[in-house]
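Colleague: Below is a structure I'd like to ask you about.
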Amino acid sequence: MLQFNPKYFAITVLLFLIEIAIALFVHDNFIRPYFGDFLVVILLYCFLKSFLNVSVWVAACIVLVFSFAIEIAQYFNAVEKLGLQHSEIAKAVLGNSFAWIDLLAYILGILTVISIEKIHFKTRE
C-alpha cells in the first residue's frame, strides 16, 4: 500500500507552488477563492497518490471527504473553538469562512482528477 510515486509527487510540488503564488499574488474574486479550492483537491489527491498505492476512486473519495470535513469545520468555526484564531497557519490550513460554493469547487476538482485518470489509464492500455 505504501509506495512512492515520483510523478504524482512532482505534480504535488508544482500545484503547491501554484497555490502559494495564488495566495501571495492573486487578490481577485475568482482565482483565489474558487480556482484555488478547485486546485487544492487536485493537490491533495496527487499528494495522497505520491505515497499510497490506492485506486483512483479510493483516493478521490478520501480527498473529497477530507475537503468536505474541513469546510464543515469552517461552518462550525473550528479555528476559534480550538483557540487557534491568532494562528495564521491554522487559518490558512483550516480556513475561517464556510461557503457552499467551495463544496462545488471541490467536487469539480475531483471530477477533473477522475476524468484525467480515466483518460490516462485508457491511453496506457
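Only the coordinates and a few stated rules stand behind these numbers; no lab work does. What you are looking at is a predicted structure, and each value in this text was computed from that prediction instead of being measured. All Cβ positions, even for glycine, are placed from backbone atoms using ideal geometry, and neighbour counts span all protein chains on display.
Colleague: What do you get for the angle between helix 36-51 and the principal long axis of the chain? Use alpha-carbon atoms, 0 to 90 degrees, nearest ten.
Modeller: The helix 36-51 is inclined about 50 degrees to the chain.
Colleague: As a check on your grasp of the helix formula, calculate [θ] at 222 nm for the chain: sum -39500 (n - 2.57) over DSSP H runs of n ≥ 4, divide by the residue count, round to the nearest 500.
Modeller: -24000 deg cm²/dmol
Colleague: For region 18-53, list residues with backbone N below 19 Å from a point placed 7 Å from the Cα of residue 121 toward its Cβ?
Modeller: Residues 42-53 qualify, since their backbone N sits under 19 Å from the label point.
Colleague: Given points 7 Å out from each Cα along the Cα-Cβ axis, report the residue 31 to residue 111 separation in nanometres with one decimal.
Modeller: Taking the simple label geometry, residue 31 and residue 111 are separated by 2.4 nm.
Colleague: Sticking with this structure for a sec: Which whole number in µm²/s is D for region 6-124 by Stokes-Einstein, with the Kirkwood Rh taken over Cα pairs at 4 °C and 1.567 mPa s?
Modeller: The estimated diffusion coefficient comes to 86 µm²/s.
Colleague: Moving to a separate point now. For 106, 75, what's the fewest-to-most ordering of other Cβ within 10 Å of each Cβ?
Modeller: Going from least to most buried by this count: 75, 106.
Colleague: Right, another one. Helix 100-124 versus the longest principal axis of the chain: what is the Cα-based angle in degrees, 0 to 90, to the nearest 10?
Modeller: The two axes meet at around 10 degrees.
Colleague: How tilted is helix 6-25 with respect to the longest principal axis of the chain? Cα atoms for both, answer in degrees (0 to 90, nearest 10).
Modeller: The angle comes out at about 30 degrees.
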